1. For labels at residue 263 and residue 196 in the simple 7 Å Cα→Cβ model, what's the distance in nm?
2. Any chance you could list P(r) for the range 60-143, counting all Cα-Cα pairs in 10 angstrom bins from zero, rounded to whole %?
3. Based on the Cβ-Cβ distance of residue 85 and residue 139, what FRET efficiency does E = 1/(1 + (r/R0)^6) give at R0 = 30 Å, to the nearest 0.05?
4. What ³J(HN,Hα) values, in whole Hz, does the Karplus curve 6.51 cos²θ - 1.76 cosθ + 1.60 give for the range 287-301 when θ = phi - 60°, with x put for Gly and Pro?
5. Largest first and to the nearest Å, give the Cα extent of the chain along each principal axis.
6. State, to one decimal in nm, how far the label point of residue 132 lies from the label point of residue 98, with both points 7 Å from Cα in the Cβ direction.
7. Using θ = phi - 60° and the Karplus curve 6.51 cos²θ - 1.76 cosθ + 1.60, what whole-Hz ³J(HN,Hα) does each residue of the range 240-251 get, with Gly and Pro shown as x?
8. Which percent of Cα pairs goes in each bin when the distances of the range 74-223 are cut into 10 angstrom slices starting at zero?
Amino acid sequence: MATLPLNRVESLLQAAAKSHIVVVGDVMLDQFIWGRVTRISPEAPVPVVEFERESFMPGGAANVARNLTALGSRTDLVGVVGRDSARTQLRRLLLKHRIGCHGLVTLKDRPTITKTRIVAGQQQIARLDREARGELDSEVATALLKQIQPCLRTASAVIVGDYGKGVVTQPLLDALSQQCRTEGKWLSVDPKPVHHLNLRGLSLITPNRKEAFELAGLTDTTRNSNPFKDRQLLRVGDKLFTELSPALLLITLGESGMLLYHRGGQPFHIDTVAREVFDVSGAGDTVIATFTLAIVAGASPLEAAIFSNHAAGVVVGKVGTATVTPEELRISFGASGVIKSL
């Protein structure tokens, strides 16, 4: 067993605050409509939500960026937005969270992706998506790459947030992967299996359990709370790690924690530290952001896994897409982050 001491956490937080990371992917605006339900509609068997307030947050790849700046990292965001009011709202939020948004390309024929969640109390009861899912054409992809290139000069890492909305294409990923290899930059990808992209040779891949099985082309029929006794999960992890050959593979398992594959050793299981789970929205964003940030700050893969596990444990205890602050991480590490080896 091993833990991450508080003085090591402090050292990583200090280094993280000096880092620079580029985030590329499907940029979104998250809208939350908050209210309360006291009756059922006479028009249809649905709840009537009495409006109380609304709020907006950066979503998708923008939420990954928000998780980075919350821990002090300098962050540039690259993606596409529409020529609409949602773009204006999103840019205002990005500036508020100190996220560089010069890399956002405006398209007149594509809306700014907006997810509207209706929440009654602490329960999400409906979501409305406004989006376009078609792949970007080569001209737009080239424009995005031109936005990325100057940022890479000072960045230590790139995070690709793929949410299946068309920004992350094979040509874009291939070009980005080549640039990162040439310049010695870390490249993390949160994949969406629906794209069937070639993910070989990346620095880090962070699928959740469902995505891992889909990437491996296998069916998830049984489940064990102990990953080391879950033969199907281990088969999936071995298959992905062998075929895709990333430096690291991190499979997130919700209440069962995380399973980390690394070169030259057996996988490690990191137990969850979440005490209360109110909302898992954006937890994957927090994981890839804080894991990558820890690596850039000098953490070992195991330290980065423990670091990101604590960060995720904090955000799932909040309602809506959320971030973790340095102080919240310090408090969380009052309890030990335990890992187990196969």
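Values in this text are rule-based calculations from the coordinates and carry no lab data. The structure presented is a predicted model; accordingly, all values stated were derived computationally and were not measured. Here the Cβ positions follow ideal geometry from the backbone for every residue, glycine too, while neighbour counts run over all protein chains shown.
1. Result: 2.9 nm between the two label points.
2. The calculated distribution, bin by bin, is 16, 42, 34, 8, 1.
3. That gives a FRET efficiency of 0.75.
4. 4, 5, 5, 6, 5, 4, 4, 5, 4, 4, 7, x, 6, 6, x
5. 59, 47, 41
6. Result for the modelled spin labels: 3.4 nm.
7. 5, 5, 6, 6, 8, 6, x, 5, 9, 10, 10, 9
8. Over the range 74-223, the share of Cα pairs per 10 Å bin runs 9, 33, 37, 17, 3 percent.
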